[in-house]
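Since every read-out is calculated from the coordinates, none of them should be taken as a lab result. Note that the structure is predicted; figures quoted are calculated from it, not measured. All Cβ positions, glycine included, derive from the backbone under ideal geometry; neighbour counts span all protein chains shown.
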Amino acid sequence: MADGGNNGDGAGWVTMGEVAVRAGVSPMTVSRVLKEPDRVRPATRERVERAIAELGYVPDAAAGALASRQSRLVAALVSTLAGSIFASTIAGLGAALREAGHELLLGTTEYSSASEEALLRAVLGRRPDGLVLSAGQHTPAARRLLERATRGLAVPVVEIWQLPERPVDMAVGFSNFAAGRAMTAFLADLGYRRIAFIGVLGPDDFRGKRRHAGYVEVLAEQGLGPPRTFGSGGFGGSAGAGASVEEGAAGLAAVLERWPDCDAVFCGSDPIAFGAITEAARRGIAVPGDLAVAGFGDFDYAGDAGLALTTVRIPGERIGRETARLLLERKAGRLPEPVVVDLGFELVRRRTA
């Protein structure tokens, strides 16, 4: 029975039969040691384990998946790995899956719906035990792929972070619109009246656009004038801003050139806020004395030991672990309740506002 592992001498894949010969047992005994070690006598098990270690044998997971119809692999397609916006979610998801004997396959779409569709086709060919998606919107073809996967292939799907209006299957996250509203209203309640927004507003970043929509709604409700919005494509942000320190600095410079009377800036991510604070310092603008700055994400450096940044805290690790729970329950044949989980967010007030 050929079962893969990389031979330490580079001569090819080590087989289960070779392990059996080295240990002086049958291939069936080797299989039993791997799958049900408690059923094998300790002395025999020790010989097999020693042979496995000496030969560098690794079981062929693909062959096992074909036999059991379970890959024990969960694919997560996130928008980006730049910065750390998804880091805690991926950490929580990966840890919870490993505890249950599953592994995580990670891909990035770089905020492109077309890239998500291509990645979906690739990972579905590997018959994953679950799919995790961070994109807020999907192409029509991608949605058809997902709906077919959940029905015909029985692959559970969890959409994370932005709670979709029409989930494909299950969802875990929060409302970016509500978060954008809450932070803008918070700044207004503190007395700021000329609030600008710098953020990611590209056509495929649904989350950033929802935060901005919340900001716009509060301005209208409280009579704070038209939006003062900047993205890397210009005012209005039609091309989108990258969620980077550089974009934050450039964004604040452009905002102040057009609206020099701004008294607060709501940044769509903490890296953008970091760049805005740096640009303000270069210009001799006191934060928060002359200009309040708020972010989104509550990254490590946003704390009191770093920027002391007023921001929106997202329960990233809880999102990851809750996502794993939904996937595992569905694979076990149980219907989780509820299938859409809103974990909310928290406003964190610090020195910058």
For the peptides 128-136, 94-102, what is the packing order when you average, over each peptide's residues, the other Cβ atoms within 10 Å and list the highest mean first?
-> 128-136, 94-102
Based on other C-beta atoms within 10 Å, arrange 331, 35 from fewest to most.
-> 35, 331
Sequence of 304, 270, 298 once ranked by neighbouring C-beta atoms within 10 Å, starting from the fewest = 304, 298, 270
Per-residue [θ]222 nm for the chain (sum of -39500 (n - 2.57) over DSSP H runs n ≥ 4, rounded to 500) | -13000 deg cm²/dmol
Bins of 10 Å from zero: percent of alpha-carbon pairs in segment 16-66 | 28, 58, 14, 0
Net charge near residue 95, counting Lys/Arg +1 and Asp/Glu -1 over other residues with Cβ under 9 Å of its Cβ?
-> 0
